[in-house]
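These notes are about the structure you will find just below.
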Amino acid sequence: MGDAVSKSSEAQTKPAVGALDDSTRVLFKDVSHTFPDGTEVLRNVDLKVEKGEFVAVIGPSGCGKSTLLRLASGLLQPSSGEVHCERKGIGFVFQEPTLLPFRSVLGNAELFAEFAGLAKAERRNLAMDALERVGLIGFEDKYPKTLSGGMKMRASLARSLVLRPSLFLLDEPFAAVDEITRQRLGDDLIGLFSRDRFATMFITHSVAEACYLADRVVVMSKRPACILGEVELPFPYPRSPELRFESEFTERTREVSARLSESGA
Amino acid sequence: MTDKNRKSVPEAILTAETQDEMAMAAPAIRAMALPPGTPWWRKFAGVVVGPMVVLVILVGIWYFITYVVLDPTRRFLMPAPQTVINTAFFQHADLILLLKGLLVTTQAAMTGLAISIAFGVSVAIIMSEAKVLERGLFPYLVVLQTIPILALVPLIGFWIGYGFTARIVVCVLISVFPIMANTLFGLQSYSSTYDELFSLHQVGRWKKLIKLKLPMAAPAMFAGFRIAAGLSVIGEIVGGFFFQRGQLDLGALLDEFTARLNGPMLFGTVILASALGVAIFGLFSGISAVVVGRWKE
């Protein structure tokens, strides 16, 4: 399966050098993006997400972090530069759960398997398996309106897990839930990641969340956004909440905060 | 609906200028329901006592007009309730006449409603799929709505005759707009994130319509069907009132009883006609509750 390459029209004459190799899931090469209304959101972004790597992207709100995910997933084409990404195995989780209100939790979990044309029995098995992994067994016949915000987000995660993505793109997925639920969902995500090791790009505006979840935190500037710096978080997975109180961890958190304050946020 | 926008029930219904707003008033109507856990007899009383009191007052006014306001020689203008019920519903021949009319009206109104639903939903789907058509067509649909149908009715008679077909046409003209407007509104009332969700998986237009847009539109569509259900009965009766070829429907009977100054039968016909409207409205409310009620937020 070849990787999908999105490039601007002027870049199309250039050969696609440095396309995805086996260990790279997403590659941004000198990517800039301007919206049709003339707003420049991204400027000269170079970013690589390796196989099995958890990258958190943090930056001031409205800086173009979400645009980065939309470029990676192919929902948007860059104005200039190249984006390489294996489009087949993407799981995209939006800020809102975007469940279909007229389908049960199980029906929602089956959706992508249905799009992929899997047989009924097979997609039911996959969906039930995904629901079990996010702890929603017993709720499969409920409709989204009866679920809490955190459970809706779990259902949304399960929906994306069904096709076993090799790349997870999460766009501030826990921004709309309360702090306690947010931490619990974070731990659940770490559990899922530790087991499946999908490459992950996680957009957030919380320093604590970014540092706790990711191997690597990418700090972006305000609009037009470029990458200000990266901080490695070399702590093994699965991580436990106690990590938050270790001095090594707080040191790294401070570094991310310092970088972020350079962004003028 | 946020608290700021929340209107009281009558206000929400009375200030609803468009069919859409009427559909939006639906949650306000539902809010009239008593909180869960209310004992059954209080629920029953809550639902029944209010309307019963109003009914008693209305019937009282009716009796007052019949026996106090009207001179005995002019009492045929407003016959007493028991006269109406006796004449219209307890005289075998008269009852048969009315029931036959009711049957004809029901058949024609349901046919008209079915055509309106098929046509209205199709046009709304086409308009939502092709913005150019929506921009081009919608103003004329609004114009269609503003033309007094009564002015068109004689013309329809000239063009296509005075039989069953003409009644159906009037019926469709009157009932199609709320279906079209509500379906169109429903097909566009979901957040754009769902568009992204479906584009990510390269879902085709047709599949997206079936799997996303139509189910999302269902609540608004049913609100439209309910309004149209009542209108289709009115349309059929207006049609029958003007076009009297073929079997007598309630409209034709209304005209005939008016001409003969037959007060009791006239009132009986009106009662049956409105009962039919209420029944069809109730039918669609029931279908809507089954189809949409369990998931709608």
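Just the C-alpha atoms of segment A:3-261: what Rg/Rh do they give, with Rh taken as the Kirkwood radius? Working shown, then result.
On the way: Rg = 18.4 Å, Rh = 19.0 Å.
Dividing the radius of gyration by the Kirkwood radius yields 0.97.
How large is the dipole of the protein assembly as shown about the Cα centre if only Lys and Arg carry +1 and Asp and Glu carry -1, each at its Cβ, rounded to the nearest 20 debye? Provide the component values of the computation, followed by the final result.
Values: 56 positive and 53 negative charges, 258 e Å.
Once rounded to the nearest 20, the dipole reads 1240 debye.
Can you figure out the FRET efficiency of B:A275 with B:E129, using R₀ = 51 Å and their beta-carbon distance, to the nearest 0.05?
Numbers: r = 39 Å, r/R0 = 0.77.
Taking R0 as 51 Å, the efficiency between B:A275 and B:E129 is 0.80.
Which value in nm describes the separation of the simple spin-label points at B:Y140 and B:A118, placed 7 Å from the Cα toward the beta carbon?
Spacing of the two 7 Å Cα→Cβ label points: 2.2 nm.
Where does each of B:V238, B:V290, A:V105 land when they are ordered by accessible area, with a 1.4 Å probe and the largest first? Present the calculation step by step, with values, prior to reporting the outcome.
Details: B:V238 30, B:V290 105, A:V105 5 Å².
I get B:V290, B:V238, A:V105, largest accessible area first.
Report the accessible area of A:L75, computed with a 1.4 Å probe over the heavy atoms of all protein chains in place, in Å² rounded to the nearest 10.
Using a 1.4 Å probe on the heavy atoms, I get roughly 50 Å².
Quote the accessible area belonging to B:V49 in square angstrom, nearest 10, computed with a 1.4 Å probe and with ligands, DNA and RNA left uncounted.
About 80 Å², rounded to the nearest 10.
Per residue in segment A:145-168, which ones lose no less than 40 Å² of accessible surface when going from chain alone to all protein chains (1.4 Å probe)?
The answer is A:K145.
Which of the listed residues, A:N125, A:P234, A:S261, is farthest toward the dipole's positive end in segment A:113-265, when Lys, Arg count +1 and Asp, Glu count -1 at the beta-carbon?
A:N125
Take the residue pairs A:K142/B:K43; A:K120/B:K207; A:K88/B:K296; A:K120/B:K296; A:K152/B:K211 and return only those whose Cα atoms are more than 22 Å apart. All intermediate terms of the calculation are to be shown ahead of the outcome.
Working: A:K142/B:K43 27 Å; A:K120/B:K207 17 Å; A:K88/B:K296 33 Å; A:K120/B:K296 26 Å; A:K152/B:K211 19 Å.
Beyond 22 Å: A:K142/B:K43; A:K88/B:K296; A:K120/B:K296.
Among B:L150, B:L70, B:L197, which one moves the most in a GNM of chain B with springs linking Cα atoms closer than 10 Å?
Result: B:L197 has the largest fluctuation of those listed.
Only Cα pairs under 8 Å and at least 6 apart count here; give the relative contact order of chain A as a rounded whole percent. Intermediate values should be presented prior to the final figure.
Details: 534 pairs, mean separation 66.2, N = 265.
With pairs under 8 Å counted, the relative contact order is 25 percent.
What distance in nm separates the simple spin-label points at B:A289 and A:D37, each placed 7 Å from Cα in the Cβ direction?
Output for this residue pair reads 4.5 nm.
Would you mind calculating the gained length between B:H92 and B:I65 on full extension (0.36 nm times residue separation, minus the Cα-Cα distance), in nm to one decimal?
Working: separation 27, 0.36 × 27 = 9.72 nm, distance 2.82 nm.
Once the chain is fully extended between B:H92 and B:I65, it gains 6.9 nm.
In percent, what relative contact order does chain B have, based on Cα pairs under 8 Å that are 6 or more apart in sequence? Intermediate values should be presented prior to the final figure.
Working: 316 pairs, mean separation 70.1, N = 297.
Relative contact order here is 24 percent.
Would you mind computing, in nm to one decimal, how far apart the modelled labels at A:D129 and A:R254 are, each placed 7 Å from Cα along Cα→Cβ?
Simple spin-label model gives 4.6 nm for this pair.
Excluding ligands, DNA and RNA, what is the accessible area buried between chains A and B, summed over both sides, using a 1.4 Å probe, to the nearest 100 Å²?
Values: alone 12070 and 17300 Å², together 27410 Å².
Chain pair A/B: roughly 2000 Å² of buried accessible area.
Name the long-range amide H neighbours of A:R216: under 5 Å, sequence gap of 5 or more, or other chain; modelled H, no Pro or chain starts.
HN-HN under 5 Å from A:R216: A:F54, A:A56, A:L233.
How large is the accessible surface of B:I149 in square angstrom, using a 1.4 angstrom probe and rounding to the nearest 10?
30 Å²
Please list, or write none, the lysines whose alpha carbon is within less than 26 Å of the alpha carbon of A:K222, excluding same-chain residues fewer than 8 places away.
Within reach: A:K7, A:K29, A:K48, A:K65.
Ignoring ligands, DNA and RNA, what percent of the accessible area of segment B:217-297 is carbon or sulfur (1.4 Å)? Show your work: numbers first, answer last.
Numbers: 2410 of 3400 Å².
With neighbouring chains kept in place, the figure for segment B:217-297 is 71 percent.
Which helices count as membrane-span-like in chain B under these terms: full DSSP H, at least 30 Å along the axis by C-alpha, Kyte-Doolittle mean of -1.0 or more?
Passing helices, by number: B:40-64, B:92-129, B:164-187, B:214-242, B:263-291.
Which one of B:L58, B:V270, B:T183 has its Cα pushed farthest toward the positive end of the charge dipole of chain B, where Lys and Arg give +1 and Asp and Glu give -1 at the Cβ?
In chain B, that residue is B:T183.
What average count of beta carbons from other chains do you get within 10 Å of the Cβ of residues in A:97-104? If you can, show how the numbers build up before the last one.
Numbers: counts 1, 7, 2, 8, 8, 12, 3, 2.
Going residue by residue through A:97-104 and averaging, the value is 5.
Rounded to a whole number, what % of the accessible area of segment A:74-135 do carbon and sulfur atoms account for, probe 1.4 Å?
Details: 1110 of 2240 Å².
Here carbon and sulfur together make up 50 percent of the probe-accessible area.
Which one, B:G240, A:L192, A:L163, projects farthest toward the positive side of the charge dipole computed for the protein assembly as shown from Cβ point charges (K/R +1, D/E -1)?
Result: B:G240.
Find the Cα radius of gyration of segment B:80-291, compare it with 2.2 N^0.38 Å by division, and give the number to two decimals.
Computed over Cα atoms of segment B:80-291, the ratio equals 1.21.
Helix by helix, which DSSP H runs in chain A go 15 Å or more along their axis at the Cα atoms and have an average Kyte-Doolittle hydropathy of 0.0 or more? Could you put the intermediate results ahead of the total?
Numbers: long enough: A:105-115 (16 Å, 0.92); A:120-133 (20 Å, -1.18); A:149-161 (18 Å, -0.02); A:179-196 (25 Å, -0.56); A:247-262 (23 Å, -1.17).
Passing helices, by number: A:105-115.
How would B:H92, A:H33 line up by accessible area, probe 1.4 Å, largest first? Show your work: numbers first, answer last.
Working: B:H92 145, A:H33 10 Å².
Greatest to least solvent exposure: B:H92, A:H33.
What does the extension gain come out to for A:E230 and A:E122, with contour length at 0.36 nm per residue minus their alpha carbon separation? List each step's numbers first, then the result.
Values: separation 108, 0.36 × 108 = 38.88 nm, distance 4.15 nm.
Contour length minus Cα-Cα distance gives 34.7 nm.
Magnitude of the Cβ-charge dipole of chain B, K/R +1 and D/E -1, about the Cα centre, nearest 20 debye? Please report the intermediate quantities before stating the final value.
On the way: 22 positive and 16 negative charges, 120 e Å.
Dipole about the Cα centre, nearest 20: 580 debye.
I want to verify a result. In a Gaussian network model of chain A, Cα cutoff 10 Å, which of these has the top mean-square fluctuation: A:E110, A:E255, A:E50?
A:E255
Add -39500 (n - 2.57) for each DSSP H run of 4 or more in chain A, then divide by its residues: what number comes out at 222 nm, to the nearest 500 deg cm²/dmol? Could the numbers behind the result be given before it?
On the way: 7 runs with 88 residues, N = 265.
It comes out at -10500 deg cm²/dmol, rounded to the nearest 500.
With every protein chain present, what is the per residue accessible area of the protein assembly as shown (1.4 Å probe, Å²)? Mind showing how you got there, number by number?
Details: 27410 Å² over 562 residues.
Per-residue value: 49 Å².
With only Lys, Arg, Asp and Glu charged, each at its Cβ (+1 for the first two, -1 for the last two), find how big the charge dipole of segment B:190-251 is about the Cα centre; round to the nearest 20 debye. It would help to have the intermediate numbers written out before the result.
Details: 7 positive and 4 negative charges, 55 e Å.
Computed charge dipole of segment B:190-251: roughly 260 debye.
When the helix-only estimate is applied to chain B (DSSP H runs of n ≥ 4, each -39,500 (n - 2.57), divided by the residue count), what is the mean residue ellipticity at 222 nm, nearest 500 deg cm²/dmol?
Values: 14 runs with 223 residues, N = 297.
The helix-only estimate for chain B comes to -25000 deg cm²/dmol at 222 nm.
Report the FRET efficiency, 1/(1 + (r/R0)^6), for B:K207 and A:R164, where r is their Cβ-Cβ distance and R0 is 35 Å, rounded to 0.05.
Values: r = 22 Å, r/R0 = 0.64.
Working from the Cβ atoms, E equals 0.95.
What residue among A:I58, A:I227, A:I203 shows peak mean-square fluctuation when chain A is described by a Gaussian network model with Cα springs under 10 Å?
Among A:I58, A:I227, A:I203, the largest mean-square fluctuation in the Gaussian network model of chain A belongs to A:I227.
The values are calculated or read from the model by the stated rules, or taken from the named source; none is laboratory data. Owing to the predicted nature of the structure, the values given are computational and were not obtained by experimental measurement. Neighbour counts run over all protein chains shown; Cβ positions are idealised from the backbone, glycine included. These accessible areas exclude ligands, DNA and RNA; they are computed on the full protein's heavy atoms, side chains included. Shrake-Rupley method; radii C 1.70, N 1.55, O 1.52, S 1.80 Å.
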